[in-house]
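J.: First the structure, which I've put down as structure tokens, then a few questions once you've had a look.
The values are calculated or read from the model by the stated rules, or taken from the named source; none is laboratory data. Please read these numbers as outputs of a predicted model, since none were measured by experiment. Glycine gets a Cβ as well: all are built from the backbone with ideal geometry, and neighbour counts include every protein chain shown. Each accessible area value is taken on the protein alone, full model and side chains, heavy atoms only, with ligands, DNA and RNA left out. Shrake-Rupley method; radii C 1.70, N 1.55, O 1.52, S 1.80 Å.
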Amino acid sequence: MSLSVGIVGLPNVGKSTLFNALLKRQAALAANYPFATIDPNIGIVPVPDYRLEVLGEIVSAKAIKPAVVEFVDIAGLVAGASKGEGLGNKFLANIRETDLICHVIRGFSDNSILREGSIDPKSDREIIEMELLFADIATLEKQKFPKATKDKELLFKWDVTVKMLEAAMEGKMVSSVLGTGSFQNAQAEQKVARELGLLTAKKMIYVINVDEDVVGQQDEQSQKYADLLQVDLEQIVIISARIESEVASLGDEDATLFLEELGLKKSGLERLIQKAYDRLGLQTYLTAGEIEVRAWTITKGMLAPQAAGVIHTDFEKKFIKAKIVSYQDFIDFGGWKGTKEKGKQRIEGKDYVMKSDDVVEFMIGS
């Protein structure tokens, strides 16, 4: 399971600067993590996780493999994109393939950078989201009523389609009307939206590209823009794309010192990835052996057999048990051998709910 994030925004709001900073970070880590740019507008970035290096030293791992996030730079999204303006059709298609939309909004004050359609943060948000809505309306209006059928699944899909179209026509994001019933019904509705590739059904976060001198005021700036954009505080990430470019070019120690001087504990990349995980209800668990130490991305609440299936589909089918150690115990007692001697290992079955600090070894049948 991997996470794909589409970066959207009006021209000259800083999204390409942010994307290039992500790629620089990727290139800087290439010696340790073998990832590369797939396409000029797609980059694979490792998820920062200090635990992997620590585990690697304890088990003398030959390789360290972090979880990864795919970032897609959706360029050319302008007013009229849903009707093919700019490179609208191509890039709207790219957004459909992503799990989460990251909307970069201009919050910096450099007047030497032309706005090119950008008016103010609230208007910028509305322009982009209206284009996404127009594209969804076009998709929904193409759907046809399933005539002469009593198939409950087809009729359910049609009812959900009608509900989503009505919401979109009222200017509401499709996501606002999904999942209002039981958990099972919510899952089924979201599945219909995914199958149709609806853009406004996706989770969204707002990255506010601010001036360097205010980026350290995270709480104040986050609340300011949440109120201004009329969105949940949990959807806001405050960054300075220029600062991210500088951080990307520094070594780990220098980057840490640089961020501390700005009053930041984490880089914008780390905060962006964490926010993306939170919005999608994702977490990681860890495996640690001599061959490799690795972080695996799963959904929160996932059971042990499903988590094993993320490694290989056969593992879910042939799951027997899971040997679990907490990360802290693994460190405190020196790995698998030490935790066994101290009675810190647990054997869990098919009903075990995975936790984010689990170090796991799955027992799989033949």
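J.: According to the square roots a ≥ b ≥ c of the eigenvalues of the Cα gyration tensor, what is the shape class of segment 293-350, taking rounded for a/c under 1.5, prolate for a/b larger than b/c otherwise, and oblate for the remainder?
T.: Note, shape of segment 293-350 comes out prolate.
J.: Here is a further query. Given contacts defined as C-alpha pairs under 8 Å and at least six residues apart, what's the relative contact order of segment 100-234, whole-number percent?
T.: For segment 100-234, the relative contact order is 38 percent.
J.: Among 356-366, 101-111, how do they line up from the highest to the lowest mean number of other beta-carbon atoms within 10 Å?
T.: 101-111, 356-366
J.: Please compute the modelled spin-label separation between Asp211 and Asp314, points set 7 Å along Cα→Cβ, answer in nm with one decimal.
T.: 6.1 nm
J.: Whole angstrom only: what separates the Cα centroid of segment 184-203 from the Cα centroid of segment 262-313?
T.: 23 Å
J.: On to the next question. In whole angstrom, note down how far apart the Cα centers of segment 94-110 and segment 141-168 are.
T.: 30 Å
J.: Starting from 0.36 nm per residue, how many nanometres of slack lie between Thr149 and Asp254 once their C-alpha separation is accounted for?
T.: Stretched fully, the Thr149-Asp254 segment lengthens by 31.3 nm.
J.: Using a 1.4 Å probe on the protein chains only, how many percent of the accessible area of the chain belongs to carbon and sulfur?
T.: 51 percent
J.: Is the shape of segment 224-328 best called rounded, prolate or oblate, per the rule: a/c under 1.5 gives rounded, else a/b larger than b/c gives prolate, else oblate, with a ≥ b ≥ c the square roots of the Cα gyration tensor eigenvalues?
T.: Judged from the Cα gyration tensor, segment 224-328 comes out oblate (a/c at least 1.5, b/c at or above a/b).
J.: To continue, here is another question. I'd like to know which of Asn41, Leu100, Ala193 lies farthest towards the positive end of the charge dipole of the chain, counting +1 on Cβ of Lys and Arg and -1 on Cβ of Asp and Glu.
T.: Positive-end residue among those listed: Ala193.
J.: Given the options Thr256, Ser356, Pro121, identify the residue whose Cα lies farthest towards the positive end of the charge dipole of the chain (+1 on Cβ of Lys, Arg; -1 on Cβ of Asp, Glu).
T.: Of the candidates, Ser356 comes out farthest on the positive side.
J.: Right, another one. Which order, highest average first, do 139-152, 311-324 follow once you tally other Cβ atoms within 10 Å for each residue and take the mean per peptide?
T.: Top to bottom by mean Cβ count within 10 Å: 311-324, 139-152.
J.: If you put +1 on each Lys and Arg Cβ and -1 on each Asp and Glu Cβ, how big is the dipole of the chain around its Cα centre, in Debye rounded to 20?
T.: It works out to roughly 1580 debye.
J.: Output ³J(HN,Hα) for segment 146-156: one whole-Hz value per residue in order, computed from phi by the Karplus curve 6.51 cos²θ - 1.76 cosθ + 1.60 with θ = phi - 60°, and x for Gly and Pro.
T.: x, 5, 6, 9, 10, 4, 4, 5, 5, 5, 4
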